[in-house]
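The values are calculated or read from the model by the stated rules, or taken from the named source; none is laboratory data. Keep in mind it's a predicted model, so treat the numbers as computed, not measured. Heads up, the Cβs are rebuilt from the backbone with ideal geometry, glycines too, and the neighbour counts pull from every protein chain shown.
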Amino acid sequence: MPTSGVKASSGDECYTEPSSVCSWVYRKTDNNETLASIADWFIARPLEILIVLTVTSIIVRLSRRMIRNSIPRIANPRQHAVAGLSKIGIQVPDALSTQVYDSRRRARVTSISRALSSTVTVVIWVLALFIIVAILGVNLAPLVAGAGIAGVALGFGAQSLVKDCIAGLFMLIEDQYGIGDIVDLGEAQGVVETVALRTTVLRGVDGTVWHVPNGVVQRVGNKSQQWSVAVLDVDVAYDTDLVSARELLHRAADELCSSERFSDKVLESPEVLGVEALGVDGVTLRLIVKVLPGTQFDLQRALREHVKAAFDAASIEIPFPQRTVWNRVVPS
């Protein structure tokens, strides 16, 4: 039997909820169920859904803002620490406060922020969708059970996708490489054009565009992080005066590195390490030059040309394969 002038419901009618709009309309209209149901569907539930959407939007905005503000601090903690000390009047020595603008770091922060923001946004809106479905009166138990089964099936079918995304996230967090880096990912080598959560896009020297899933990358060789080294091996004949050859090699490298073309790319003076190998046809001398990332290949090509001209002018032989043939005459 109904109590307090409110009609009892057999299930989930709104009439038994004293604080709902439906219950209020039900009482004010002399227990009119039709008007109460209309008020519930066209006023109460849309209002609740609107509140859920509004709150969800606010939470998403706050979460994305928090991610945008926190990721740069994690990626570059020293810069933010210096800025915080400066705000309270503590002066930091120039050696600690000087920061070099790093476009790779900025690209990395942007990629991580986008990935985390997208993940958080999807999770929050999925939860909001479940709440809205519950407001509409749909029983969530079968839906959750079906979603769980579908999730397990999807998980088995999308293992490689999940593996790629997790590997990509760790690559971004660990700053293994960034846009513009020259990397070796195994079979694919080239300049990084895109770093996404699932794949990395490289462009090879011949113009080939490689799409490499992050989950299959077993090792990463970054040839352009912070600084690089131009390595040049030069062979000379065994009868060459090695002291003179080393001095000439160093002088030729100094001339080229101090030229207008390469002076702004060289970080340290060339260094002749000495004899690297005793080969079949000659002696190998090794020269190294520390340069800006990615400029070592151009310098190596120019060094080979310049050293060849210097050695030719000094009559120092760069050996070629030679063999001694013995002609044995068998007496008859």
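So here's what we get for this one:
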{"read-out": "Looking only at the range 264-307, and only at residues there that are more than 13 Å from residue 250 (Cα to Cα) and of a type in the set (Lys, Arg), the one that is modelled with the lowest pLDDT", "value": "265"}
{"read-out": "Selected residue [of a type in the set (Gly, Ala, Ser), under 26 Å from the mean Cα position of the chain (by Cα) and farther than 25 Å from residue 286 by Cβ] from 207, 221", "value": "207"}
{"read-out": "Residue check for residue 289: in a strand (DSSP E or B), closer than 20 Å to residue 223 by Cβ and not basic (Lys, Arg)", "value": "yes"}
{"read-out": "Among the candidates 228, 259, residue that is touching a residue at least 12 places away in the same chain (Cβ under 8 Å) and either of a type in the set (Gly, Ala, Ser) or under 27 Å from residue 112 (Cα atoms) (or both)", "value": "228"}
{"read-out": "Some residue of the range 198-212 being among the charged types (D, E, K, R), within 30 Å of residue 158 (Cα to Cα) and at pLDDT below 90", "value": "yes"}
{"read-out": "Test for residue 297: is it among the aromatic types (Phe, Trp, Tyr), under 30 Å from residue 181 (Cβ atoms) and assigned to a helix (DSSP H, G or I)", "value": "yes"}
{"read-out": "Single match in 144, 126, 192, 122 (criterion: exposed (fewer than 15 other Cβ atoms within 10 Å of the Cβ), within 26 Å of the chain's Cα centre (by Cα) and of a type outside the set (S, T, N, Q))", "value": "122"}
